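**Student:** This structure is in structure tokens; I'll ask about it shortly.
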Amino acid sequence: MNIIESNYAAAANKRMTAERYEHTLAVAESAKEIARTHGVSVQDAEVAGLLHDYARDLSAEELLRIAESDGLIAYEIERRFPVLLHGPVGSWLVRSELGVESQSVLQAIAVHTVGAPGMDKLAKIIYLADLIAAGRTCPIVRKLRLAVKGDLDQAMLLSLAFSIRHMLKRGKMIHPQTFAAWNYFIGRGKPV
Ligand SMILES: [Fe+2]
């Protein structure tokens with residue numbers, strides 16, 4: 001890890017609980033591995049992995065306050081469940097506090113929780129790394145760990161299908177961007 005990345009790691013460590021920071025390191029590791037397989041910048045993957053949950057330990061009030069004042073609220077569901085804002089707010093904070101400029105890294109951080117149509121390779125990698133990193137135990141984790149070695153769109157469809165089903169079963173609200181992501185990937189002609 002170079003000096004820039006270690007500064008990011010220190011900044012992340014400062015903003016996060018110990019468990020979150022441990023998760024962050026695991027996501028950075030997974031992201032690097034997937035990036036290597038798919039010919040994506042390993043450094044971008046590491047930075048985005050380290051910083052993806054930068055705003056995750058902010059309170060709901062703080063997330064809402066920052067999102068309101070910086071125009072980051074896109075859907076009503078985000079006011080009801082401010083935790084959904086930790087991606088967009090984290091992306092905004094790493095640009096303003098840490099000077100991260102890469103649009104791809106910023107976008108990957110912004111959409112890592114709910115997904116989005118048009119996700120680039122790095123965004124897919126961070127979304128997936130978050131689910132399969134060491135310590136994750138979701139029921140499809142083994143399937144996903146294999147899937148990320150192949151087609152990333154296919155892996156996205158698997159994980160979006162899982163998360164939509166999971167929310168439906170529990171009678172929970174679903175972020176419209178998650179449906180939009182599903183429609184986008186299914187529309188690319190690679191059904192599950
Ligand atoms: Fe997150």
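The values are calculated or read from the model by the stated rules, or taken from the named source; none is laboratory data. These figures come from a predicted structure and were not determined experimentally. Here the Cβ positions follow ideal geometry from the backbone for every residue, glycine too, while neighbour counts run over all protein chains shown. Heads up: the accessible areas ignore ligands, DNA and RNA and are worked out on the full protein's heavy atoms, side chains in. Shrake-Rupley method; radii C 1.70, N 1.55, O 1.52, S 1.80 Å.
**Student:** Checking the condition closer than 23 Å to residue 19 by Cα and among the charged types (D, E, K, R), which residue from 153, 120, 70, 53 passes? Steps first, answer last, please.
**Tutor:** Details: 153 fails: closer than 23 Å to residue 19 by Cα; 120 fails: closer than 23 Å to residue 19 by Cα; 70 fails: closer than 23 Å to residue 19 by Cα.
The unique qualifying residue is 53.
**Student:** Pairs, please: C-beta under 6 Å, at least 6 apart or cross-chain, first residue at negative phi and in the stretch 67-80, second outside any helix (DSSP H, G or I) and exposed (fewer than 15 other Cβ atoms within 10 Å of the Cβ)?
**Tutor:** As it stands, the answer is 77/173, since those pairs meet every condition given.
**Student:** In addition: Here are some conditions: (1) free of Cβ contacts under 8 Å to residues at least 40 places away in the same chain; (2) within 17 Å of the chain's Cα centre (by Cα). Residue 48 meets all but one. Which one does it not meet?
**Tutor:** Unmet for residue 48, out of (1) free of Cβ contacts under 8 Å to residues at least 40 places away in the same chain; (2) within 17 Å of the chain's Cα centre (by Cα): (1).
**Student:** Can I ask one more? Run residue 140 past the list (1) more than 14 Å from the chain's Cα centre (by Cα); (2) closer than 27 Å to residue 11 by Cβ and report the number of the one that doesn't hold.
**Tutor:** Status for residue 140: all satisfied but (2).
**Student:** What number of residues within the stretch 39-68 satisfy the criterion of being farther than 18 Å from residue 83 by Cβ and out of contact with any Leu (no Cβ under 9 Å at 6 or more places or on another chain)? Write out each step before concluding.
**Tutor:** First pass over the stretch 39-68, keeping only residues farther than 18 Å from residue 83 by Cβ: 39-50.
With the extra rule that they be out of contact with any Leu (no Cβ under 9 Å at 6 or more places or on another chain), the set shrinks to 39, 42-43, 46-47.
Within the stretch 39-68, residues that are farther than 18 Å from residue 83 by Cβ and out of contact with any Leu (no Cβ under 9 Å at 6 or more places or on another chain) number 5.
**Student:** On to the next question. If I filter the stretch 1-16 down to residues being within 13 Å of the ligand (Cβ to nearest atom) and open to solvent by 10 Å² or more (accessible area, probe 1.4 Å), which single residue comes out as nearest to residue 92 (Cα to Cα)?
**Tutor:** Of the stretch 1-16, the ones within 13 Å of the ligand (Cβ to nearest atom) are 12, 15-16.
Still in the list and also open to solvent by 10 Å² or more (accessible area, probe 1.4 Å): 15-16.
Values: 15: 14, 16: 16 Å.
Step by step, filter the stretch 1-16, then rank; the result is 15.
**Student:** Given the conditions (1) at pLDDT 95 or above; (2) within 16 Å of the ligand (Cβ to nearest atom); (3) open to solvent by 10 Å² or more (accessible area, probe 1.4 Å), report the number of the one that residue 135 does not fulfil.
**Tutor:** (1)
**Student:** Return only the number of the condition from (1) over 23 Å from residue 40 (Cα atoms); (2) open to solvent by 10 Å² or more (accessible area, probe 1.4 Å); (3) within 12 Å of the ligand (Cβ to nearest atom) that residue 89 does not satisfy.
**Tutor:** (2)
**Student:** Quick check on my filter: what residues within the stretch 101-123 are more than 16 Å from the ligand (Cβ to nearest atom), in contact (Cβ under 8 Å) with a residue 60 or more places away in the chain and assigned to a loop (DSSP other than H, G, I, E, B)?
**Tutor:** Step one: filter the stretch 101-123 for residues more than 16 Å from the ligand (Cβ to nearest atom), giving 101-104, 117-118, 120-121.
Then drop every residue that is not in contact (Cβ under 8 Å) with a residue 60 or more places away in the chain, which leaves 104, 117-118, 121.
Hits for the stretch 101-123 are 117, 118.
**Student:** I'd like to check which helices (runs of 4 or more DSSP H) are fully inside the stretch 125-190 and have at least 1 residues that are in contact with a helix residue (DSSP H, G or I) (Cβ under 7 Å, 6 or more places away or on another chain) and touching a residue at least 24 places away in the same chain (Cβ under 8 Å).
**Tutor:** Values: elements: 141-147, 152-169, 176-186.
Those helices (runs of 4 or more DSSP H) span 152-169, 176-186.
**Student:** When the stretch 29-69 is examined, which residues are found to be in contact with a Phe, Trp or Tyr (Cβ under 9 Å, 6 or more places away or on another chain) and of a type in the set (A, V, I, L, M)?
**Tutor:** 47, 50, 51, 55, 60, 66, 67
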